[in-house]
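Read through the structure below, which is laid out as C-alpha cells, and then see the notes.
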Amino acid sequence: MDSERIRITEEKLLSDNWYVLKRYTFNYLGKNGQWTTQQREAYDRGNGATILLHNPETDTVILTRQFRLPTFVNGNSNGGPSSGMLIEACAGLLDNDDPQTAILRETEEETGYRIQSVEKIMEAYMSPGSVTEKLFFYIAEYTADTERNTGGGIDEEEIDILELPFSEALAMMQRGEIMDGKTIMLLQHLRLKQLTQTIG
C-alpha cells in the first residue's frame, strides 16, 4: 500500500460493528520535499454498483425510494412526515461478485426486473475524503415485457419502486426532490446521451 510519497506507519481498527472504520497514521512527502506525519480515518464498506433502467419507447426510468438514516440525521425532509426517504437509482454492494454480476442481482432484488444485458458507463469514488468505496455505474433498457418479480429488496429492506417519465425525474432533480449523487450522475448521463443523439 505504500508508495514513493506515502508510507503508512500505523493502521488502527476503530470499529467493525457494521463495516470497517480505521485510523491511519502515515508519512507524506509534500511538494516542498519535506516529510510530514498525518492521520486520517477511512470507512471501508466495500465497492458497489448502481444502475439506471430506461425504457426508450416510453422514455421512462425506474428508480427506488427508501429510508436512509444518514440523510435523516442530516436534515433530509423529503417525503413529508416520512423524512429521511431518498429517491435513488438501484444500487448495492458487490459482496465479492464482479460489478456486472452484482448489479444484475441487485436490479432483480430491488426493482424486480430481470435484465439480461447492461452498459457500463463509468467508475467513481463517491466520498473520497472519508470512504474507500468505488462505485461502478451502469445503464440498461427495460420494457413492459421485461421479466419481473415483486422486487422491493430483501431482509429488512423496504424499497418502493417508482416508474417515472424521464422528464419528471429531471424536474424532480431540479426541484431538489432527487438529491442522491449517483442518481443525479446517471440521470445527467442519460440526458447528455439523448441530447447527443438528437444533435447527431
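The values are calculated or read from the model by the stated rules, or taken from the named source; none is laboratory data. Here the structure is a predicted model, which is why all the values come from computation and not from measurement. A quick note on method: Cβ atoms are made from the backbone with ideal geometry, for glycine too, and the neighbour counts reach across all protein chains shown.
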Fill in: Selected residue (criterion: surrounded by the most Cβ atoms within 10 Å (Cβ to Cβ)) from residues of the stretch 13-31 that are charged (D, E, K, R) and either free of Cβ contacts under 8 Å to residues at least 12 places away in the same chain or not in a strand (DSSP E or B) (or both)
16
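On the basis of being under 19 Å from residue 162 (Cα atoms), among the charged types (D, E, K, R), without any contact (Cβ under 8 Å) to a residue 40 or more places away in the chain and assigned by TED's automatic domain parsing to the domain that holds residue 168, does residue 65 make the cut?
Working: under 19 Å from residue 162 (Cα atoms): yes; among the charged types (D, E, K, R): yes; without any contact (Cβ under 8 Å) to a residue 40 or more places away in the chain: no; assigned by TED's automatic domain parsing to the domain that holds residue 168: yes.
Judged against the criteria, residue 65 is not a match.
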Discussion item. For a quick check of your reading: which helices (runs of 4 or more DSSP H) sit entirely within the stretch 85-200 and have at least 3 residues that are surrounded by fewer than 17 Cβ atoms within 10 Å (Cβ to Cβ) and at pLDDT below 95?
Written reply: 181-199
Worksheet item: Among the residues of the stretch 109-116, is there at least one that is assigned by TED's automatic domain parsing to the domain that holds residue 62 and touching a Cys at 6+ places or on another chain (Cβ under 6 Å)?
Response: yes
Fill in: Unique residue being on the phi > 0 side of the Ramachandran plot and either touching an Asp or Glu at 6+ places or on another chain (Cβ under 8 Å) or not assigned by TED's automatic domain parsing to the domain that holds residue 92 (or both) when the list is 46, 30
46
Fill in: Selection from the stretch 77-99 of residues that are touching a residue at least 40 places away in the same chain (Cβ under 8 Å) and within 26 Å of residue 42 (Cα to Cα)
86, 88, 89, 90, 91, 92, 93, 94, 95, 99
